[in-house]
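**Student:** So that we are looking at the same thing, I have put the structure below in C-alpha cells.
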Amino acid sequence: MSHIYENDTKPILSDPPYLLQFILAAVLSVLCGATIMFMWNWFVVPLGLPMIGLVQALGLDTLITFIVTTRVNTNPGPFWDRWIIAITYALLTLFSGWLLHFFM
C-alpha cells in the first residue's frame, strides 16, 4: 500500500483541521450506511425481511462495528490514508453489490 509521503519520511498532505475531519467522517458514515441499505434491500428483502432505510442501516453499521471491533489502534496512521481506504472500500462494496443484484 502506498502512502501519501514524500521520500517516505513525512506526509505530503498534513491532517486536515478537526472540523473538516468531522465533516468527512460524517460523509463516510452516510456512504457506509447507504451501502448497507442498498445491499440489504437488494439481497435480504427477497428472502422475506422488510426493507430498511438509511437510519436503520446506520444503526446496523454502528452495531456491527461495535461487535467486531476488538482492539484500539493507538497509531492509526495519517488521516488521508485512512479516509481514502475507507471510502474506496465502501464504494467497491457498493459497486460489487450493484453488479451482483442484476443476477438475482
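**Student:** Within region 78-104, count every residue that is surrounded by fewer than 12 Cβ atoms within 10 Å (Cβ to Cβ) and touching a residue at least 60 places away in the same chain (Cβ under 8 Å).
**Tutor:** Count: 1.
**Student:** Could I ask something else about it? Can we say LEU63 is of a type in the set (A, V, I, L, M, F, W, C) and at pLDDT below 90?
**Tutor:** Working: of a type in the set (A, V, I, L, M, F, W, C): yes; at pLDDT below 90: yes.
Yes; evaluated as a whole, the condition is true for this residue.
**Student:** Whether any residue in region 51-63 is closer than 23 Å to GLY97 by Cα, loosely packed, with under 14 Cβ neighbours inside 10 Å and polar (S, T, N, Q) is what I want to check.
**Tutor:** Scanning region 51-63 turns up at least one residue that is closer than 23 Å to GLY97 by Cα, loosely packed, with under 14 Cβ neighbours inside 10 Å and polar (S, T, N, Q).
**Student:** Return the total of residues in region 33-84 being touching a Pro at 6+ places or on another chain (Cβ under 6 Å) and of a type in the set (Asp, Glu).
**Tutor:** Going through region 33-84 one residue at a time, the tally reaches 0.
**Student:** Condition first: closer than 29 Å to ILE12 by Cα, modelled with pLDDT of 90 or more, of a type in the set (Ser, Thr, Tyr) and part of a helix (DSSP H, G or I). Can you find one or more residues in region 30-44 that meet it?
**Tutor:** no
The values are calculated or read from the model by the stated rules, or taken from the named source; none is laboratory data. Remember, it's a predicted structure, so these values are computed and weren't measured experimentally. Methodologically, a virtual Cβ is constructed for each residue, glycine included, from the backbone with ideal geometry; neighbour enumeration extends over all protein chains shown.
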